[in-house]
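To start, the structure under review is shown below, and the notes come after it.
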């Protein structure tokens, strides 16, 4: 799980269960935080929790392949999210939008759920197609490559969500948080 929290002077905190099967290795390079997760032969869950300081404006780029991930970003400021590695299931909880927030999926997924406060206007571009896309209870099945699915006021809205499905997705849902 990745989450925004008030960490005082800390930029981030990375935690993994002592009985887990992985060791997180964070590294700061300039204005970027890189996190490598290494398997270490012991059994146990391959789980890592990343806490990000909610006082900082974040642009997230997640490159690893994962089974399940929960990104709870509702408590902070986010300028964009790019999901490069594939996943079975990703749930993304966003903060109140200020301007256009882009969530880009360049690694495939079986299930992507994006939760947005106040049902902010949303548009999904399915560049590679999708089995189903639902934007605030309006669902479509068999979404063709390149198709756009938008909430009615997206074109006129200043504060809005743009989900760019560069890679294939099975089920994509944008829901009010």
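Going through (1) under 10 Å from residue 163 (Cβ atoms); (2) part of a loop (DSSP other than H, G, I, E, B) one by one, residue 107 falls short only on (1).
Among the residues of segment 73-90, write down those that are within 22 Å of residue 160 (Cβ to Cβ) and either buried (at least 18 other Cβ atoms within 10 Å of the Cβ) or without any contact (Cβ under 8 Å) to a residue 60 or more places away in the chain (or both). Give the derivation first.
Residues of segment 73-90 within 22 Å of residue 160 (Cβ to Cβ): 73-83, 90.
Once the filter is applied, which keeps residues that are within 22 Å of residue 160 (Cβ to Cβ) and either buried (at least 18 other Cβ atoms within 10 Å of the Cβ) or without any contact (Cβ under 8 Å) to a residue 60 or more places away in the chain (or both), segment 73-90 yields 73, 74, 76, 77, 78, 79, 80, 81, 82, 83, 90.
Condition check ((1) surrounded by fewer than 16 Cβ atoms within 10 Å (Cβ to Cβ); (2) under 22 Å from residue 177 (Cβ atoms); (3) out of contact with any helix residue (DSSP H, G or I) (no Cβ under 7 Å at 6 or more places or on another chain); (4) assigned by TED's automatic domain parsing to the domain that holds residue 164) across all residues:
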site: 105; (1), (2), (3), (4): no, yes, yes, yes
site: 113; (1), (2), (3), (4): no, yes, yes, yes
site: 116; (1), (2), (3), (4): no, yes, yes, yes
site: 125; (1), (2), (3), (4): no, yes, yes, yes
site: 130; (1), (2), (3), (4): no, yes, yes, yes
site: 136; (1), (2), (3), (4): no, yes, no, yes
site: 139; (1), (2), (3), (4): yes, yes, yes, yes
site: 142; (1), (2), (3), (4): yes, no, yes, yes
site: 149; (1), (2), (3), (4): no, yes, yes, yes
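Checked against the criterion of being part of a loop (DSSP other than H, G, I, E, B) and over 16 Å from the mean Cα position of the chain (by Cα), segment 159-176 contains one or more residues that satisfy it. Among the criteria (1) outside the structural domain of residue 9 (by TED's automatic domain parsing); (2) within 20 Å of residue 24 (Cβ to Cβ); (3) part of a strand (DSSP E or B), the one residue 85 does not fulfil is (3).
The values are calculated or read from the model by the stated rules, or taken from the named source; none is laboratory data. Only a predicted model underlies this, so the values are computations on that prediction, with no experimental measurement involved. Here Cβ is always computed from backbone atoms with ideal geometry, including for glycine, and neighbour counts include all displayed protein chains.
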